[in-house]
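The values are calculated or read from the model by the stated rules, or taken from the named source; none is laboratory data. Remember, predicted model here, so these are calculated numbers, not experimental data. Cβ placement follows ideal geometry from the backbone for every residue including glycine, while neighbour counts extend to all protein chains displayed. Just so you know, the surface numbers come from the protein's heavy atoms only, side chains and all, with ligands and any DNA or RNA stripped out. Shrake-Rupley method; radii C 1.70, N 1.55, O 1.52, S 1.80 Å.
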Amino acid sequence: MKNRYRNLFLLFGTLAIVIMLCTMDMDYSDIWENVKRIGFWFPVIMLLWFFVYLINTCSWYLIIRDDRQYSVPFWKVCKLSITGFAINYATPGGLMGGEPYRIMELTPYVGVSKATSSVILYVMMHIFSHFWFWFLSIFLYIFLYPVNTFMAILLTAIGAFCLLAIYFFTRGYKNGMAVKTFRFLQKVPFIRKWAHSFVVKQKDTLEQIDSQIALLHSQHKITFYSSLLLELSARILSSLEIYIILSVFTPDVNGWDCVLILAFSSLFSNLIFFFPMQLGAREGGLALAVDGLHMSPALGVYVGLITRIRELLWIAIGMALIKIGNKK
(Lines give C-alpha, C1' and ligand atoms only; values in the text may rest on other atoms or scores of the structure.)
Protein backbone atom coordinates (compact mmCIF):
# COMPACT_ATOMS: atom_id res chain seq x y z
CA MET A 1 0.00 0.00 0.00
CA LYS A 2 1.22 3.50 -0.79
CA ASN A 3 2.09 5.66 2.21
CA ARG A 4 -0.47 8.29 1.22
CA TYR A 5 -3.25 5.70 1.64
CA ARG A 6 -1.89 4.68 5.02
CA ASN A 7 -1.79 8.33 6.01
CA LEU A 8 -5.43 8.75 4.95
CA PHE A 9 -6.49 5.77 7.07
CA LEU A 10 -4.47 7.15 9.99
CA LEU A 11 -5.94 10.65 9.60
CA PHE A 12 -9.48 9.32 9.40
CA GLY A 13 -9.01 7.15 12.49
CA THR A 14 -7.45 9.99 14.48
CA LEU A 15 -10.32 12.33 13.60
CA ALA A 16 -12.83 9.65 14.58
CA ILE A 17 -11.17 9.22 18.00
CA VAL A 18 -11.20 12.99 18.61
CA ILE A 19 -14.87 13.25 17.62
CA MET A 20 -15.85 10.33 19.86
CA LEU A 21 -13.95 11.80 22.82
CA CYS A 22 -15.62 15.18 22.34
CA THR A 23 -19.13 13.72 22.04
CA MET A 24 -19.10 11.34 25.03
CA ASP A 25 -22.11 12.29 27.16
CA MET A 26 -20.37 11.87 30.53
CA ASP A 27 -18.19 14.22 32.52
CA TYR A 28 -14.52 13.28 32.27
CA SER A 29 -14.20 13.35 36.07
CA ASP A 30 -16.98 10.72 36.29
CA ILE A 31 -15.20 8.64 33.67
CA TRP A 32 -11.96 8.84 35.64
CA GLU A 33 -13.69 7.89 38.90
CA ASN A 34 -15.18 4.78 37.30
CA VAL A 35 -11.83 3.80 35.80
CA LYS A 36 -10.20 4.18 39.22
CA ARG A 37 -12.94 2.00 40.69
CA ILE A 38 -12.06 -0.74 38.19
CA GLY A 39 -8.41 -0.14 39.11
CA PHE A 40 -6.09 -3.09 38.49
CA TRP A 41 -8.71 -4.89 36.44
CA PHE A 42 -8.62 -2.38 33.60
CA PRO A 43 -5.15 -3.47 32.37
CA VAL A 44 -6.42 -7.06 32.71
CA ILE A 45 -9.34 -6.17 30.41
CA MET A 46 -6.94 -4.62 27.90
CA LEU A 47 -4.82 -7.79 27.97
CA LEU A 48 -7.93 -9.96 27.65
CA TRP A 49 -8.78 -8.22 24.40
CA PHE A 50 -5.28 -8.84 23.08
CA PHE A 51 -6.06 -12.56 23.39
CA VAL A 52 -9.47 -12.04 21.76
CA TYR A 53 -7.73 -10.36 18.80
CA LEU A 54 -5.17 -13.17 18.80
CA ILE A 55 -7.95 -15.74 18.38
CA ASN A 56 -9.48 -13.61 15.59
CA THR A 57 -6.06 -13.58 13.95
CA CYS A 58 -5.77 -17.36 14.17
CA SER A 59 -9.17 -17.68 12.50
CA TRP A 60 -8.13 -15.45 9.59
CA TYR A 61 -4.65 -17.02 9.40
CA LEU A 62 -6.22 -20.47 8.92
CA ILE A 63 -8.17 -19.11 5.96
CA ILE A 64 -5.09 -17.48 4.42
CA ARG A 65 -3.02 -20.66 4.81
CA ASP A 66 -5.77 -23.17 3.94
CA ASP A 67 -3.98 -24.39 0.77
CA ARG A 68 -0.42 -23.98 2.16
CA GLN A 69 0.64 -22.03 -0.94
CA TYR A 70 1.35 -18.72 0.78
CA SER A 71 3.71 -17.71 3.56
CA VAL A 72 2.62 -14.68 5.55
CA PRO A 73 4.17 -13.78 8.94
CA PHE A 74 1.63 -14.50 11.68
CA TRP A 75 2.30 -11.22 13.48
CA LYS A 76 1.77 -9.32 10.24
CA VAL A 77 -1.70 -10.87 10.04
CA CYS A 78 -2.23 -10.00 13.73
CA LYS A 79 -1.31 -6.37 13.06
CA LEU A 80 -3.69 -6.17 10.08
CA SER A 81 -6.43 -7.80 12.14
CA ILE A 82 -6.15 -5.31 15.02
CA THR A 83 -5.88 -2.30 12.70
CA GLY A 84 -8.76 -3.51 10.52
CA PHE A 85 -11.03 -3.81 13.55
CA ALA A 86 -9.92 -0.37 14.77
CA ILE A 87 -10.82 1.26 11.44
CA ASN A 88 -14.19 -0.52 11.38
CA TYR A 89 -15.04 0.46 14.97
CA ALA A 90 -14.39 4.12 14.11
CA THR A 91 -16.40 3.98 10.89
CA PRO A 92 -20.15 4.71 10.73
CA GLY A 93 -21.79 1.55 9.41
CA GLY A 94 -18.70 -0.57 10.04
CA LEU A 95 -16.91 -2.70 7.42
CA MET A 96 -16.26 0.41 5.31
CA GLY A 97 -12.53 0.86 5.78
CA GLY A 98 -10.94 -2.05 7.59
CA GLU A 99 -11.51 -4.56 4.81
CA PRO A 100 -10.05 -2.49 1.91
CA TYR A 101 -7.10 -1.71 4.20
CA ARG A 102 -6.49 -5.41 4.91
CA ILE A 103 -6.76 -6.31 1.22
CA MET A 104 -4.30 -3.63 0.11
CA GLU A 105 -1.76 -4.51 2.83
CA LEU A 106 -2.02 -8.29 2.31
CA THR A 107 -1.78 -8.15 -1.51
CA PRO A 108 2.08 -7.93 -1.68
CA TYR A 109 2.28 -11.23 0.24
CA VAL A 110 -0.36 -13.38 -1.48
CA GLY A 111 -1.59 -11.48 -4.54
CA VAL A 112 -4.81 -9.57 -5.03
CA SER A 113 -7.00 -12.62 -5.64
CA LYS A 114 -6.00 -14.49 -2.48
CA ALA A 115 -5.91 -11.30 -0.37
CA THR A 116 -9.45 -10.37 -1.42
CA SER A 117 -10.89 -13.87 -1.02
CA SER A 118 -9.31 -14.38 2.41
CA VAL A 119 -10.56 -11.01 3.70
CA ILE A 120 -14.08 -11.60 2.38
CA LEU A 121 -14.09 -15.13 3.78
CA TYR A 122 -12.94 -13.89 7.17
CA VAL A 123 -15.53 -11.12 7.29
CA MET A 124 -18.20 -13.65 6.38
CA MET A 125 -16.92 -16.01 9.09
CA HIS A 126 -16.82 -13.21 11.68
CA ILE A 127 -20.42 -12.23 10.97
CA PHE A 128 -21.51 -15.87 10.55
CA SER A 129 -20.18 -16.66 14.04
CA HIS A 130 -22.25 -13.81 15.50
CA PHE A 131 -25.46 -15.36 14.20
CA TRP A 132 -24.48 -18.75 15.62
CA PHE A 133 -23.56 -17.11 18.93
CA TRP A 134 -26.94 -15.37 19.16
CA PHE A 135 -28.80 -18.54 18.10
CA LEU A 136 -27.04 -20.79 20.64
CA SER A 137 -27.59 -18.19 23.38
CA ILE A 138 -31.34 -18.75 23.01
CA PHE A 139 -30.92 -22.30 24.31
CA LEU A 140 -28.64 -21.10 27.10
CA TYR A 141 -31.36 -18.69 28.25
CA ILE A 142 -34.01 -21.42 28.11
CA PHE A 143 -31.75 -23.69 30.19
CA LEU A 144 -31.06 -21.04 32.86
CA TYR A 145 -34.33 -19.10 33.13
CA PRO A 146 -38.08 -19.70 33.01
CA VAL A 147 -39.62 -18.49 29.76
CA ASN A 148 -42.87 -16.51 29.88
CA THR A 149 -45.07 -15.71 26.89
CA PHE A 150 -43.28 -12.49 26.01
CA MET A 151 -39.84 -14.11 26.13
CA ALA A 152 -41.09 -17.10 24.13
CA ILE A 153 -42.23 -14.77 21.34
CA LEU A 154 -39.01 -12.73 21.50
CA LEU A 155 -36.73 -15.77 21.48
CA THR A 156 -38.70 -17.31 18.62
CA ALA A 157 -38.30 -14.11 16.58
CA ILE A 158 -34.56 -13.97 17.32
CA GLY A 159 -34.19 -17.65 16.43
CA ALA A 160 -36.02 -17.20 13.12
CA PHE A 161 -33.89 -14.15 12.28
CA CYS A 162 -30.65 -16.03 13.03
CA LEU A 163 -31.67 -19.13 11.08
CA LEU A 164 -32.60 -17.01 8.07
CA ALA A 165 -29.22 -15.27 8.20
CA ILE A 166 -27.40 -18.59 8.60
CA TYR A 167 -29.24 -19.91 5.54
CA PHE A 168 -28.21 -16.92 3.38
CA PHE A 169 -24.60 -17.13 4.58
CA THR A 170 -24.51 -20.83 3.76
CA ARG A 171 -25.67 -20.00 0.23
CA GLY A 172 -22.98 -17.33 0.02
CA TYR A 173 -20.33 -19.86 1.00
CA LYS A 174 -21.55 -22.24 -1.69
CA ASN A 175 -21.77 -19.65 -4.49
CA GLY A 176 -19.23 -16.99 -3.51
CA MET A 177 -19.65 -13.37 -2.38
CA ALA A 178 -16.83 -11.38 -4.01
CA VAL A 179 -18.80 -9.94 -6.91
CA LYS A 180 -21.73 -8.99 -4.65
CA THR A 181 -19.37 -7.46 -2.06
CA PHE A 182 -17.66 -5.18 -4.57
CA ARG A 183 -21.01 -4.11 -5.98
CA PHE A 184 -21.82 -2.95 -2.45
CA LEU A 185 -18.42 -1.23 -2.03
CA GLN A 186 -19.09 0.84 -5.16
CA LYS A 187 -21.82 2.60 -3.16
CA VAL A 188 -19.61 3.36 -0.13
CA PRO A 189 -18.25 6.94 0.24
CA PHE A 190 -14.47 7.47 -0.05
CA ILE A 191 -13.77 4.06 -1.64
CA ARG A 192 -16.46 3.88 -4.34
CA LYS A 193 -14.06 5.05 -7.08
CA TRP A 194 -11.40 2.58 -6.03
CA ALA A 195 -14.00 -0.24 -5.89
CA HIS A 196 -15.39 0.64 -9.34
CA SER A 197 -11.91 0.74 -10.87
CA PHE A 198 -11.07 -2.55 -9.21
CA VAL A 199 -14.21 -4.26 -10.58
CA VAL A 200 -13.51 -3.00 -14.12
CA LYS A 201 -9.91 -4.22 -14.08
CA GLN A 202 -10.36 -7.40 -12.06
CA LYS A 203 -13.62 -8.96 -13.23
CA ASP A 204 -11.98 -12.31 -13.95
CA THR A 205 -10.14 -12.16 -10.63
CA LEU A 206 -13.38 -11.61 -8.72
CA GLU A 207 -14.91 -14.64 -10.38
CA GLN A 208 -11.82 -16.61 -9.37
CA ILE A 209 -12.24 -15.33 -5.80
CA ASP A 210 -15.82 -16.57 -5.72
CA SER A 211 -14.61 -20.00 -6.77
CA GLN A 212 -12.04 -19.91 -3.91
CA ILE A 213 -14.77 -19.01 -1.43
CA ALA A 214 -16.88 -21.92 -2.60
CA LEU A 215 -13.83 -24.20 -2.45
CA LEU A 216 -13.21 -23.49 1.26
CA HIS A 217 -16.74 -24.54 2.20
CA SER A 218 -16.94 -27.57 -0.07
CA GLN A 219 -13.44 -29.12 0.13
CA HIS A 220 -11.56 -27.53 3.07
CA LYS A 221 -14.13 -28.28 5.76
CA ILE A 222 -11.57 -28.67 8.56
CA THR A 223 -10.33 -25.13 7.95
CA PHE A 224 -13.90 -23.84 7.66
CA TYR A 225 -15.16 -25.32 10.92
CA SER A 226 -11.92 -24.63 12.82
CA SER A 227 -12.18 -20.96 11.84
CA LEU A 228 -15.83 -20.87 12.91
CA LEU A 229 -15.06 -22.47 16.29
CA LEU A 230 -12.24 -19.99 16.89
CA GLU A 231 -14.59 -17.08 16.20
CA LEU A 232 -17.20 -18.52 18.57
CA SER A 233 -14.56 -19.00 21.26
CA ALA A 234 -13.52 -15.34 20.82
CA ARG A 235 -17.13 -14.29 21.50
CA ILE A 236 -17.25 -16.37 24.68
CA LEU A 237 -13.84 -15.17 25.86
CA SER A 238 -14.86 -11.53 25.38
CA SER A 239 -17.78 -12.08 27.79
CA LEU A 240 -15.14 -12.25 30.56
CA GLU A 241 -14.84 -8.47 30.20
CA ILE A 242 -18.44 -8.09 31.33
CA TYR A 243 -17.86 -10.55 34.17
CA ILE A 244 -14.83 -8.62 35.42
CA ILE A 245 -16.61 -5.26 35.32
CA LEU A 246 -19.81 -6.50 36.96
CA SER A 247 -17.81 -8.31 39.67
CA VAL A 248 -16.38 -4.95 40.74
CA PHE A 249 -19.84 -3.42 41.17
CA THR A 250 -21.89 -6.40 42.41
CA PRO A 251 -21.26 -9.92 43.78
CA ASP A 252 -24.45 -11.23 42.12
CA VAL A 253 -23.02 -12.25 38.77
CA ASN A 254 -21.99 -15.48 37.08
CA GLY A 255 -20.23 -16.30 33.83
CA TRP A 256 -23.24 -17.68 31.96
CA ASP A 257 -25.21 -14.49 32.67
CA CYS A 258 -22.35 -12.52 31.14
CA VAL A 259 -22.49 -14.64 27.99
CA LEU A 260 -26.21 -13.85 27.73
CA ILE A 261 -25.63 -10.14 28.37
CA LEU A 262 -23.01 -10.05 25.62
CA ALA A 263 -25.21 -12.01 23.21
CA PHE A 264 -28.37 -9.93 23.56
CA SER A 265 -26.64 -6.55 23.90
CA SER A 266 -24.51 -7.20 20.81
CA LEU A 267 -27.62 -8.30 18.89
CA PHE A 268 -29.38 -5.06 19.79
CA SER A 269 -26.38 -2.83 19.04
CA ASN A 270 -25.69 -4.54 15.70
CA LEU A 271 -29.26 -3.84 14.62
CA ILE A 272 -28.35 -0.14 15.04
CA PHE A 273 -25.14 -0.53 13.05
CA PHE A 274 -24.76 2.91 11.50
CA PHE A 275 -23.26 4.70 14.51
CA PRO A 276 -19.45 4.87 15.01
CA MET A 277 -18.60 2.41 17.80
CA GLN A 278 -22.43 1.89 17.94
CA LEU A 279 -22.62 4.99 20.15
CA GLY A 280 -25.67 4.88 22.42
CA ALA A 281 -27.00 1.65 20.94
CA ARG A 282 -24.60 -0.57 22.86
CA GLU A 283 -25.27 1.19 26.17
CA GLY A 284 -29.01 0.79 25.60
CA GLY A 285 -28.54 -2.85 24.68
CA LEU A 286 -26.41 -3.52 27.77
CA ALA A 287 -28.93 -1.79 30.04
CA LEU A 288 -31.80 -3.82 28.56
CA ALA A 289 -29.84 -7.09 28.73
CA VAL A 290 -28.78 -6.51 32.34
CA ASP A 291 -32.32 -5.49 33.32
CA GLY A 292 -33.69 -8.58 31.59
CA LEU A 293 -31.55 -10.73 33.91
CA HIS A 294 -32.99 -8.89 36.94
CA MET A 295 -29.96 -6.69 37.64
CA SER A 296 -29.89 -2.91 37.93
CA PRO A 297 -29.89 -1.22 34.48
CA ALA A 298 -27.25 1.17 35.88
CA LEU A 299 -24.79 -1.74 35.80
CA GLY A 300 -25.25 -1.86 32.03
CA VAL A 301 -24.23 1.80 31.85
CA TYR A 302 -21.07 1.09 33.86
CA VAL A 303 -20.20 -1.85 31.61
CA GLY A 304 -20.82 0.30 28.53
CA LEU A 305 -18.57 3.06 29.85
CA ILE A 306 -15.61 0.82 30.62
CA THR A 307 -15.93 -1.03 27.30
CA ARG A 308 -15.98 2.34 25.49
CA ILE A 309 -12.71 3.37 27.12
CA ARG A 310 -11.13 0.00 26.36
CA GLU A 311 -12.31 0.24 22.77
CA LEU A 312 -10.95 3.77 22.33
CA LEU A 313 -7.54 2.67 23.56
CA TRP A 314 -7.49 -0.34 21.22
CA ILE A 315 -8.58 1.90 18.33
CA ALA A 316 -5.64 4.18 19.14
CA ILE A 317 -3.30 1.16 19.22
CA GLY A 318 -4.69 -0.07 15.90
CA MET A 319 -4.22 3.33 14.28
CA ALA A 320 -0.63 3.54 15.54
CA LEU A 321 0.08 0.13 14.01
CA ILE A 322 -0.78 1.51 10.56
CA LYS A 323 2.69 3.08 10.37
CA ILE A 324 4.60 0.15 11.89
CA GLY A 325 6.13 -2.88 10.15
CA ASN A 326 4.94 -2.15 6.61
CA LYS A 327 6.30 -3.95 3.56
CA LYS A 328 8.08 -1.58 1.19
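Restricting ILE82, ILE142, ILE103 to those that are in a helix (DSSP H, G or I), at pLDDT 85 or above, out of contact with any strand residue (DSSP E or B) (no Cβ under 7 Å at 6 or more places or on another chain) and open to solvent by 20 Å² or more (accessible area, probe 1.4 Å) reduces the list to ILE142. Criterion applied to SER113, SER117 was being in a helix (DSSP H, G or I), in contact (Cβ under 8 Å) with a residue 60 or more places away in the chain and within 27 Å of TYR167 (Cβ to Cβ), and the one residue passing it is SER117. Here's a check for you: in the stretch 115-126, which residue that is surrounded by fewer than 22 Cβ atoms within 10 Å (Cβ to Cβ) and touching an Asp or Glu at 6+ places or on another chain (Cβ under 9 Å) is farthest from LEU262 (Cα to Cα)? Per the criteria, the residue is VAL123. Taking the criterion of being farther than 17 Å from SER118 by Cα and touching a Gly at 6+ places or on another chain (Cβ under 9 Å), the residues of the stretch 176-224 that qualify are VAL188, PHE190, ILE191. Taking the criterion of being modelled with pLDDT of 85 or more, farther than 13 Å from PHE128 by Cα and of a type in the set (Val, Ile, Thr), the residues of the stretch 148-181 that qualify are THR149, ILE153, THR156, ILE158.
Among the residues of the stretch 173-211, those identified as part of a helix (DSSP H, G or I) and in contact with a Lys or Arg (Cβ under 8 Å, 6 or more places away or on another chain) are LEU185, VAL199.
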